[in-house]
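K.L.:
What follows is a structure written as structure tokens; I'll ask about it next.
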Amino acid sequence: MQPTSRFARGVGLETAIALVNFRLRFWVSTSITPRDLGSTGRTRYSGTMTPLSAFGLFAVTAMLITYAFESKSVWYILGFAFACALGSIYGFLQGAWPFGLVEAVWSGVAARRWWLARLAGRSSN
């Protein structure tokens, strides 16, 4: 099947996909430069974790752990809200603003759940 797009026919579908991928990556992160691209048009993988990736891993791991223990204490709910806030910060720093926005909303929802659970705990004592 032949590509129907004039752009894709002129440069080849694989080249077009690589170019779009490069432009998206370059737009999201200015750390990727044309010098970083090899002959395949893909970025070279150094095998090391960046500080931003480590921060994101910490935030998501904290979310998972605190969510798993929410039934144990209301403080885990607050921890989940804090971890969601960290995930939101990571999303915005990484350039994935929709992820950052959704995590900010989840942080607010979890903080409200913590507040209501705390009030319910006080009234039952």
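The values are calculated or read from the model by the stated rules, or taken from the named source; none is laboratory data. In this text the structure is predicted, and so the values were computed from the model without any measurement. Note that each Cβ is placed from the backbone with ideal geometry, even for glycine, and that neighbours are counted across all protein chains shown.
K.L.:
Out of the residues in region 36-80 meeting the condition of being at pLDDT below 90 and aliphatic (A, V, I, L, M), tell me which one is surrounded by the most Cβ atoms within 10 Å (Cβ to Cβ).
P.N.:
Result: L37.
K.L.:
To continue, here is another question. Would region 110-120 turn up any residue that is modelled with pLDDT of 90 or more and not in a helix (DSSP H, G or I)?
P.N.:
No, there is no match, as no residue in region 110-120 is modelled with pLDDT of 90 or more and not in a helix (DSSP H, G or I).
K.L.:
On the basis of being of a type in the set (A, V, I, L, M) and surrounded by fewer than 18 Cβ atoms within 10 Å (Cβ to Cβ), does A85 make the cut? I'd like the intermediate steps shown before the answer.
P.N.:
Numbers: of a type in the set (A, V, I, L, M): yes; surrounded by fewer than 18 Cβ atoms within 10 Å (Cβ to Cβ): no.
The answer is no for A85.
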